[in-house]
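Colleague: Attaching a single structure in structure tokens format; questions to follow.
The values are calculated or read from the model by the stated rules, or taken from the named source; none is laboratory data. This one's a predicted model, so the numbers in the text were calculated from it and none came from an experiment. As a convention, Cβ positions derive from the backbone with ideal geometry for all residues, glycine included, and neighbour counts pool all protein chains shown. The protein model used for the area step is the full one, side chains on, heavy atoms only, and it has no ligands, DNA or RNA in it. Shrake-Rupley method; radii C 1.70, N 1.55, O 1.52, S 1.80 Å.
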Amino acid sequence: MGHLNLPIQKRSPRQWRLLDLVSAAFFAIVVIFLLLVFTPLGDSMAASGRQALLLTTSDPGQRHRLAALVELGTQRVTIEACSADSVDHMPCEDPRRNSQLSREMNFYRERHCPLPDDTPLCLIPPPKGYEIPVPWPESLHKVWHSNMPHNKIAERKGHQGWMKLEGPYFIFPGGGTMFPEGAVPYIEKLGQYIPISGGILRTALDMGCGVASFGGYLLAEDILTVSFAPRDSHKSQIQFALERGIPAFVAMLGTRRLPFPGFSFDLVHCSRCLVPFTAYNATYFLEVDRLLRPGGYLVISGPPVRWANQDKEWDDLQAVARSLCYEIIVVEGSTAIWKKPLGDSCLPNQNEFGLELCDESDDPSYAWYYNLKKCVSRTSTVKGELAVGTIPKWPSRLTKVPSRATQMKNGIDVYEADTRRWLRRVAYYKNSLNIKLGTPAIRNVMDMNAFFGGFAAALKSDPVWVMNVEPARKPPTLAVIYDRGLIGVYHDWCEPFSTYPRTYDLIHVAGIESLIKDQGKNRCSLVDLMVEMDRILRPQGTVVIRDSPEVIDKVGRIARAIKWTATIHEKEPESHGREKILVATKKFWKLPSASH
């Protein structure tokens, strides 16, 4: 477009107005440019632009650049909130994506994680009306409806005593499909046949747990139960269990081993869990057998036990149990109780399922993305005291050196040093860092790098339970944790954890950078890991991270970008090494009301 070049006296008023507008626009652009270059407004708007671009594009490069800027901390970059419809998002259990997968052996309901580049880098918001959870032990009986406004279980199972809506709360009478009168009388009934009291049983697995009332009421007997159920977009069973303060996580018995070591549970319980134990040549029964200690107890309540139109399934279940030399203790109503034999001597046995012992080379504790096997795990592959009745009773088994620790190089010395170290560290956390352990503010705790479970063991007198996580790429020590009477799972921290958002009050990790490294190189981003920690941490929850000063500085920069309030402390005086400790609190922020 050419310039106007008329003599001044011949320019019309309209032309004057046009020139004024062009000049004003030019000067405005210059002013904005100067503001962006020379003032903090530029940094702020640039950060905003990066966020908007990130949330609207599939370009992985934008994601990587944002993560790099957050780690460097050289600009005022923050990670923004996800959309309001993501409040219950679990990346690896997304029904919309997983529904496209094979239904064979429930493969589609297992973990299937997206690549980080396919996941928005944003913070999961709380639902509208979210409240700080009801503290333990009151939470066993009631939780805020607004924290999980999902009514379907209450509507469908209220007559069975699962839960009901009452004012602003969901109330939990303690019932279940197979024990509508309540978990307490059901547990008392089981106690007539198996040693519920007295410390003989300590670790239990509840399969397809509903809202986990069975595990919740076993706590009164000092039995610590891992409750699990698959993701159900309508029922949110595990979300309710964790909100109640009961140990639970999302899992599906499908094509892979459950993420636990072999011979870890004293009791395995299924109350109408609908697991087809004898299907696929009894593969699912063999998985239960892998997890159950010698001398442990298996309780199946509901189908197919004496269930209408399931006579063949019931006959097959009894046949599988007989072929593995399980002792039937009682069949009462629709509840059957078996006791597992102490050794391998029963097999190979003549049986219609053709069951055989696994090879000597099979390690029954390999269980991270490990396909189910159609063979019987050998108890003889593990040396030492494993059986219920020979392993020490609770609570002495917490401190006695476990047999599986003694099999490791210098295992006894390392175990005892680890125990002393964590007693000292936890005392420092409470007395000098003012972490609210031992108070009603902390119930659900996770140790992301648990080793021998020393951190959890040092919390024995606190009203907490600890999910001890054994990183999948580290030397396996999770079996030792179970031998101590504690619980945990295998996990690779370059993937999201199988739990709902807002499920832990405190997350602890020693050596956070080691979780993402392999042979000195980062396999994934520390930013992604801390965003995942934020997802599973409750608002006003606490994070404790121990690592080198260099890593803690990096962690502190990321903490600011994800809205944590963080302070950095020196390690306890008696500790050696170069560690520092970051203690952070997740702010209780909400989406603007317009977002709803």
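Colleague: Can you list the lysines whose alpha carbon is less than 23 Å from that of Lys340, not counting same-chain residues fewer than 8 positions off?
Modeller: In chain and number order, the partners are Lys189, Lys312, Lys373, Lys374, Lys383, Lys393.
Colleague: Can you give me the solvent accessible area of Trp314 with a 1.4 Å probe, rounded to the nearest 10 Å²?
Modeller: Taking all protein chains as shown, Trp314 has close to 30 Å².
Colleague: Related question: Length gain on complete extension for the stretch Cys346 to Leu423, per 0.36 nm per residue less the alpha carbon to alpha carbon distance? Each step should come with its number before you reach the end.
Modeller: Working: separation 77, 0.36 × 77 = 27.72 nm, distance 4.34 nm.
The span from Cys346 to Leu423 would gain 23.4 nm if fully extended.
Colleague: Order of 453-460, 109-116 by packing, highest average Cβ count within 10 Å first? Write down the numbers at each step before the final one.
Modeller: Values: 453-460: 23.2, 109-116: 17.2.
Output ranking for 453-460, 109-116: 453-460, 109-116.
Colleague: What lysines sit close enough to Lys590 to cross-link, taking a C-alpha to C-alpha distance under 28 Å and skipping anything fewer than 8 places away on the same chain?
Modeller: Lys128, Lys142, Lys152, Lys164, Lys235, Lys436, Lys554, Lys563
Colleague: Then there's this: Could you work out [θ]222 nm for the chain from helices alone, using -39500 (n - 2.57) per DSSP H run of at least four and dividing by all its residues? Round to the nearest 500 deg cm²/dmol.
Modeller: Details: 16 runs with 172 residues, N = 596.
So the calculated ellipticity at 222 nm is -8500 deg cm²/dmol.
Colleague: Please give the Cα centre distance for region 464-526 versus region 527-543, rounded to the nearest Å.
Modeller: Taking the Cα centre of region 527-543 as reference, the centre of region 464-526 is 14 Å away.
Colleague: Can you give the relative contact order of the chain as a percent, counting alpha carbon pairs under 8 Å and 6+ residues apart? Display every interim value, and only then the final one.
Modeller: Working: 1120 pairs, mean separation 75.3, N = 596.
It rounds to 13 percent for the chain.
Colleague: Go through the cysteines of the chain and tell me which have no other cysteine Cβ under 4.7 Å away.
Modeller: Cys209
Colleague: With a ≥ b ≥ c taken as the square roots of the eigenvalues of the C-alpha gyration tensor of region 178-294, please select rounded if a/c is under 1.5 and otherwise prolate if a/b is larger than b/c or oblate if it is not? Spell out each step's value before the answer.
Modeller: Values: a/c = 1.59, a/b = 1.14, b/c = 1.40.
Note, shape of region 178-294 comes out oblate.
Colleague: Just to make sure I understand: if all protein chains stay in place, what is the order of Cys92, Cys494 by accessible area at 1.4 Å, largest first? Could you put the intermediate results ahead of the total?
Modeller: Details: Cys92 0, Cys494 35 Å².
These residues rank, largest area first, as Cys494, Cys92.
Colleague: Right, here's the next one. According to the square roots a ≥ b ≥ c of the eigenvalues of the Cα gyration tensor, what is the shape class of region 519-596, taking rounded for a/c under 1.5, prolate for a/b larger than b/c otherwise, and oblate for the remainder? Walk me through the numbers on the way to the answer.
Modeller: Details: a/c = 2.93, a/b = 1.65, b/c = 1.77.
Because a/c hits 1.5 or more and a/b fails to exceed b/c, region 519-596 counts as oblate.
Colleague: Also: Mind ranking Trp307, Trp564 by accessible surface for me, highest first, 1.4 Å probe? Could the numbers behind the result be given before it?
Modeller: Numbers: Trp307 70, Trp564 10 Å².
If we order Trp307, Trp564 from most to least accessible, we get Trp307, Trp564.
Colleague: Another question about this same structure. Write down the Å³ per residue value for the convex hull defined by the alpha carbon atoms of region 387-455. Each step should come with its number before you reach the end.
Modeller: Values: hull volume 8.3 nm³, N = 69.
Given the Cα convex hull of region 387-455, per-residue volume reads 121 Å³.
Colleague: Right, here's the next one. Show the residues, 5+ positions off or on another chain, whose built amide H is closer than 5 Å to the amide H of Gly511.
Modeller: Correct list: Arg546, Asp547.
Colleague: Another one. Search the structure for amide H atoms under 5 Å from the amide H of Glu385, placed 1.01 Å from N in the peptide plane, and list their residues when 5 or more places away or on another chain.
Modeller: When sequence neighbours closer than 5 places are left aside, the close amide H contacts are Ser403.
Colleague: Could you give the angle, 0 to 90 degrees to the nearest 10, between helix 279-291's Cα long axis and the longest principal axis of the Cα atoms of the chain?
Modeller: Tilt relative to the chain: about 90 degrees.
Colleague: Now for a separate question. Which distance in Å, rounded to a whole number, links the C-alpha centroids of region 170-212 and region 113-143?
Modeller: 27
Colleague: Over all alpha-carbon pairs of the chain, lay out the pair-distance distribution in 20 Å bins, whole %, shortest bin first.
Modeller: 19, 50, 23, 6, 3, 0
Colleague: What number comes out for the charge environment of Ser102, summing +1 per Lys or Arg and -1 per Asp or Glu over other residues with Cβ under 15 Å away?
Modeller: Details: positive: Arg97, Arg103, Arg109, Arg111, Arg256; negative: Glu104, Glu110.
That sum, taken over residues with Cβ under 15 Å, equals +3.
Colleague: Under the rule a/c < 1.5 gives rounded, and otherwise a/b versus b/c splits prolate from oblate, where does region 103-217 land using the Cα gyration tensor? Write out the running numbers ahead of the final one.
Modeller: Working: a/c = 1.94, a/b = 1.35, b/c = 1.44.
Here region 103-217 falls in the oblate category.
Colleague: Hey, another quick one. What accessible area per residue, rounded to a whole number of Å², is obtained for region 148-297 using a probe radius of 1.4 Å? If you can, show how the numbers build up before the last one.
Modeller: Values: 4290 Å² over 150 residues.
Value returned for region 148-297: 29 Å² of accessible area per residue.
Colleague: So how tilted is helix 549-561 from the main axis of the chain? Cα-based, degrees 0 to 90, rounded to 10.
Modeller: Between helix and principal axis, roughly 70 degrees.
Colleague: Apply the Karplus curve 6.51 cos²θ - 1.76 cosθ + 1.60, θ = phi - 60°, to the phi angles in region 445-459 and return the couplings in whole Hz, x for Gly and Pro.
Modeller: Once rounded to whole Hz, the list reads 10, 10, 10, 6, 8, 7, 6, 9, x, x, 4, 4, 4, 6, 9.
Colleague: Same structure again: Tell me, what HN-Hα J-couplings in whole Hz come from the Karplus equation 6.51 cos²θ - 1.76 cosθ + 1.60 at θ = phi - 60° for each residue of region 383-398, using x for Gly and Pro?
Modeller: Result, rounded to whole Hz: 9, x, 7, 10, 6, 4, x, 9, 5, x, 5, 6, x, 5, 5, 5.
Colleague: Relative to the first principal axis of the alpha-carbon coordinates of the chain, what is the inclination of helix 13-38, with its axis defined by its Cα atoms, in degrees from 0 to 90 and to the nearest 10?
Modeller: Once rounded, the angle reads 50 degrees.
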